[in-house]
Amino acid sequence: MASTETTSAAVRSGADTAADGTAARAGDIAGLEAGLDALESRVVDRQPWLRTAASKAFPPLIAIVIVLGLWQLAYHFELKPHYLLPSPVDVAHSLQQKWLEGTLLGFVWTSVSRGALGFVASVGLGTVLGLVVARVKVVRAAIGPILSGLQSLPSVAWVPAAIIWFGLSDATIYAVVLLGAVPSIANGLVAGVDQISPLYLRAGRTIGATGLTGVRHVLLPAALPGYIAGLKQGWAFSWRSLMAAELIVNAPDLGTGLGQLLEQGREFQDMSWVLAAILLILIVGIGIELLIFAPIERRVLRSRGLLVKS
């Protein structure tokens with residue numbers, strides 16, 4: 001009897017030891033997995049805004065200084081005659097003249113307001129079109145390749161057709177902007193929807209999020225990173241399309257935007273004027289991307305743990 005009890009106690013002790021060993025190994029594996037996850041993706045810590053601004057401002061400033069230096073050297077050694085390649089100082093004087101005339105902000109505002117209105121309309125149309133293409137297989141098979149082809153089509157190709165349809169009017173400019181931006185936004189949303197895990201969609205249907213409710217609370221939030229990328233590209237296409245339209249569609253009653261300003265410089269054969277207009281177009285396009293789209297994209301990526309540092 002005593003022998004039986006001793007054997008049972010030994011068995012229980014061995015089982016407890018084995019269980020403790022298994023638990024320890026499980027804990028080690030869990031710790032190892034957590035450590036690997038931490039190595040693979042670490043969320044970026046917030047840094048002081050001054051340090052962040054300095055780290056992001058210095059590289060572009062250095063690049064600008066280098067470009068201006070090379071430009072001045074080309075002017076100094078007359079790689080082109082001075083009337084064809086003015087110096088940075090000459091371009092700055094041209095901008096100063098427009099500013100003193102009180103017309104510079106008007107040119108910028110005309111183009112920015114057109115671009116903003118056309119972009120907002122493009123977002124509405126492109127979002128609806130992208131959702132339909134992404135969720136309806138027949139529509140995707142029918143017009144998906146067409147959307148990709150329209151995205152690669154240069155916007156300036158639409159200008160002659162738009163002039164024939166709408167004449168020399170604002171409708172022509174907005175038509176070119178829409179035709180240039182809508183395919184990019186729609187394709188960006190389609191790409192975002194394609195990257196959604198089917199688990200999210202099934203979970204949404206399980207809790208009753210179907211139809212417009214599912215689109216609002218499940219589909220669009222899950223596709224947001226791709227959608228934001230599509231919006232950024234859509235703005236770039238919208239701005240390029242606007243400049244192409246303004247270069248060609250030029251009438252006194254339309255007002256003067258940056259594209260018309262560039263065309264006027266060409267008509268007067270004033271390269272300082274032309275380069276100043278190109279510089280303004282570049283500054284406005286980059287500024288809107290950095291001030292509006294870049295912060296939104298960083299916020300979305302940070303909220304999802306996708307903003308990592310190596």
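Residues in region 141-168 that are over 19 Å from N250 (Cβ atoms), in a helix (DSSP H, G or I) and without any contact (Cβ under 8 Å) to a residue 24 or more places away in the chain: how many?
7
Which one is surrounded by the fewest Cβ atoms within 10 Å (Cβ to Cβ) among residues in region 110-124 that are in contact with a Gly (Cβ under 8 Å, 6 or more places away or on another chain) and within 24 Å of L280 (Cα to Cα)?
Within region 110-124, the first condition is being in contact with a Gly (Cβ under 8 Å, 6 or more places away or on another chain), and the residues that meet it are 110-111, 114, 119, 122-123.
Cutting the leftovers down to within 24 Å of L280 (Cα to Cα) gives us 110-111, 114, 119, 122.
Values: T110: 19, S111: 26, R114: 24, F119: 24, S122: 27.
Taking the candidates together, the pick is T110.
One residue is enough: does region 142-161 have a residue meeting the conditions loosely packed, with under 13 Cβ neighbours inside 10 Å, over 23 Å from Q260 (Cα atoms), hydrophobic (A, V, I, L, M, F, W, C) and at pLDDT 85 or above?
Yes, the conditions are met somewhere in region 142-161.
Whether any residue in region 193-213 is touching a helix residue (DSSP H, G or I) at 6+ places or on another chain (Cβ under 6 Å) and in contact (Cβ under 8 Å) with a residue 60 or more places away in the chain is what I want to check.
yes
Give the number of residues within region 270-291 that are surrounded by fewer than 17 Cβ atoms within 10 Å (Cβ to Cβ) and either among the aromatic types (F, W, Y) or without any contact (Cβ under 8 Å) to a residue 12 or more places away in the chain (or both).
Total satisfying the criteria: 6.
Of the numbered conditions (1) modelled with pLDDT under 90; (2) in contact with a helix residue (DSSP H, G or I) (Cβ under 9 Å, 6 or more places away or on another chain), K137 satisfies every one except a single condition; which is it?
(2)
The values are calculated or read from the model by the stated rules, or taken from the named source; none is laboratory data. Here the structure is a predicted model, which is why all the values come from computation and not from measurement. Cβ atoms come from the backbone with ideal geometry, glycine included; neighbour counts cover every protein chain shown.
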